[in-house]
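These notes are about the structure you will find just below.
The values are calculated or read from the model by the stated rules, or taken from the named source; none is laboratory data. Worth saying up front: this structure is predicted, and the values here are computed from it rather than measured. Note that we place each Cβ from the backbone using ideal geometry, even for glycine, and neighbour counts take in every protein chain shown.
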Amino acid sequence: MTDHKPFIITIVGPESSGKTTLARKLAAYLGCPWVPEYAREYLEGLGRRYEEADLKEIAAGQLEAISRASNGQLAVGSGQWAFCRFVPEGGESEYGIGIWKFAIGSKRCFVVSEEAFGAVERPVLIVDSGMLSLRMWARIKYGSEIPIVETALKEDITSMYRLCRPLAIWEPDTLREAPLLLDRAWIYNHYLAELSASLLT
């Protein structure tokens, strides 16, 4: 039943936009599990520059981590979530918990909700990046698709996306590729177009 499946919040956006920090803090605030971005673990152990073929391996690892977490017994959720309804930023909402402001009310976000939380307690799972990020990575970097990602997104288990805007300050990292704010803003706009289009389908 929908009311008892995990409510999955997937945090996406360009690099250096605070995705991992938000995922970690939000999970700690809610006392719920979170799934780190598998790409970092994979690339740190690769020992060479990644290639297009590596995205398929990264996608398989990320999907396995998400599936393992979302199908497990997530003993999370409390009465504070009852009767909460998530809506895109700027819309009206009915809520009664502080987490709205912490997680969603920031002016640095765009929120797409495909699914109402409902009035029944449900487990919550936070995902850092996920399948949508892999779709955008393959599309922007290589102009290609990853079959395992496209299959997963046809029946997307994400309940709500939170798109983070790029931060003005870029923190150098051996795995990051877009030091210019203009480039990160361009990537953000691709995400924005993708999520905006999903609201119309």
Inset, instruction - Of the conditions (1) buried (at least 19 other Cβ atoms within 10 Å of the Cβ); (2) modelled with pLDDT under 95; (3) under 13 Å from Asp128 (Cβ atoms), Leu30 clears all except one; give me its number. - result: (3)
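Okay, residues lined up against (1) modelled with pLDDT of 85 or more; (2) touching a His at 6+ places or on another chain (Cβ under 6 Å); (3) surrounded by fewer than 18 Cβ atoms within 10 Å (Cβ to Cβ):
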{"residue": "Asp3", "(1), (2), (3)": "no, no, yes"}
{"residue": "Val12", "(1), (2), (3)": "yes, no, no"}
{"residue": "Ser17", "(1), (2), (3)": "yes, no, no"}
{"residue": "Ala23", "(1), (2), (3)": "yes, no, no"}
{"residue": "Glu44", "(1), (2), (3)": "yes, no, yes"}
{"residue": "Arg48", "(1), (2), (3)": "yes, no, yes"}
{"residue": "Glu52", "(1), (2), (3)": "yes, no, yes"}
{"residue": "Glu64", "(1), (2), (3)": "yes, no, yes"}
Legend entry - Of the criteria (1) free of Cβ contacts under 8 Å to residues at least 12 places away in the same chain; (2) under 21 Å from Leu195 (Cβ atoms); (3) not basic (Lys, Arg), which one Thr20 fails: (1)
Legend entry - Positions within segment 139-197 being exposed (fewer than 13 other Cβ atoms within 10 Å of the Cβ), more than 20 Å from Arg40 (Cβ to Cβ) and of a type in the set (Val, Ile, Thr), in sequence order: Thr151
Inset, instruction - Kindly state which helices (runs of 4 or more DSSP H) lie completely within segment 12-74 and contain at least 3 residues that are of a type outside the set (A, V, I, L, M) and farther than 23 Å from Pro166 by Cα. - result: 52-71
Legend entry - Within segment 136-188, considering residues that are in contact (Cβ under 8 Å) with a residue 12 or more places away in the chain, small (Gly, Ala, Ser) and not in a helix (DSSP H, G or I), the one farthest from Ala23 (Cα to Cα): Ser144
